[in-house]
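Engineer: Pasting a structure below so you can have a look.
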Amino acid sequence: MFGPEHDLAMLKKWDWDKVYEDPSWEAEVLALHYFHNTLMCVTDQNGWTIDGCSFSPRGLNTLLVVKAIHDGIPLVAYCTEKFPTGCVRTFCRMYLEGRVKWHQDKFRSI
């Protein structure tokens, strides 16, 4: 009852033709893959370790908080968009462009 076959069967019931009509779906899927399978696995690269993230609702929007450690200093970065996938897409774009604004995380210490 549970497993990849069951999950795929459930997901295939989705109206994928409608999804393909939206030009942003491919960018969102690639951003999700990059975020979860690359960025969230950064450990000790050039002094950086990305060690967590969280999503939370903010009214009609979503807030993404990404946690990292750089040279032993705990940092956080924020991104707000309407949907969680938009947060991930925007964060990935900013990360790849070197525009993420990191702030010292005053709520945790190493």
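What follows is calculated from the coordinates using simple rules that are stated; it is not laboratory data. Predicted model only: the values in this text are computed from it and were never measured. Glycine also receives a Cβ, built like all others from the backbone with ideal geometry; neighbour counts cover every protein chain displayed.
Engineer: For the chain, what are the per-bin percents of Cα-Cα distances with bins 5 Å wide, up to the bin holding the maximum?
Structural biologist: That works out to 2, 11, 17, 20, 17, 14, 8, 6, 4, 1, in percent per bin.
Engineer: Here's a follow-up. Using each residue's phi in the stretch 41-54, evaluate 6.51 cos²θ - 1.76 cosθ + 1.60 at θ = phi - 60° and report the 3J(HN,Hα) Karplus result to the nearest Hz, with x for Gly and Pro.
Structural biologist: 10, 6, 10, 6, 10, 6, x, 9, 9, 8, 10, x, 7, 8
Engineer: Starting at the first residue of the stretch 75-90, write each ³J(HN,Hα) from the Karplus equation 6.51 cos²θ - 1.76 cosθ + 1.60 with θ = phi - 60°, in whole Hz, x for Gly and Pro.
Structural biologist: Once θ is set to phi - 60°, the couplings for the stretch 75-90 become 10, 9, 9, 10, 8, 10, 9, 5, 10, x, 5, x, 4, 5, 4, 5 Hz.
Engineer: Please list, ordered by chain and number, the residues whose modelled amide H lies under 5 Å from the amide H of Leu63; skip anything fewer than 5 residues away on the same chain.
Structural biologist: Ser56, Arg58
Engineer: Amide H neighbours of Val42 under 5 Å, at least 5 residues apart or on other chains, H built in the peptide plane: list them.
Structural biologist: Amide H neighbours of Val42: Ile50.
Engineer: Next question. Using θ = phi - 60° and the Karplus relation 6.51 cos²θ - 1.76 cosθ + 1.60, list the HN-Hα couplings for the stretch 56-70 in order, rounded to whole Hz, with x at every Gly or Pro.
Structural biologist: Rounded to whole hertz, the list is 8, x, 9, x, 8, 10, 10, 10, 9, 10, 10, 9, 8, 10, 10.
Engineer: Right, something else. Nearest 20 debye, what's the magnitude of the dipole of the stretch 24-104 about its Cα centre given +1 on Lys and Arg Cβ and -1 on Asp and Glu Cβ?
Structural biologist: In total the dipole reaches around 280 debye.
Engineer: Another question about this same structure. Of Glu26, Glu97, Glu81, which has the largest mean-square fluctuation in a 10 Å C-alpha GNM of the chain?
Structural biologist: It is Glu97.
Engineer: Can you tell me how much longer the chain between Arg93 and Asn61 gets when fully stretched, taken as 0.36 nm per residue apart minus their C-alpha distance, in nm with one decimal?
Structural biologist: Length gained between Arg93 and Asn61: 9.7 nm.
Engineer: Only sites in a loop by DSSP and with at most 13 other Cβ atoms within 10 Å count here; which trypsin sites (Lys or Arg not before Pro) in the stretch 1-33 make the cut?
Structural biologist: Lys13
Engineer: Next up: Set Lys and Arg Cβ to +1 and Asp and Glu Cβ to -1, take the dipole of the chain about its Cα centre, and tell me which of Thr49, His70, Tyr95 lies farthest positive.
Structural biologist: It is His70, whose Cα lies furthest towards the positive end.
Engineer: Using a cut-off of 12 Å between beta-carbons, work out the net charge of the residues near Gly52 (Lys and Arg +1, Asp and Glu -1, Gly52 not included).
Structural biologist: 0
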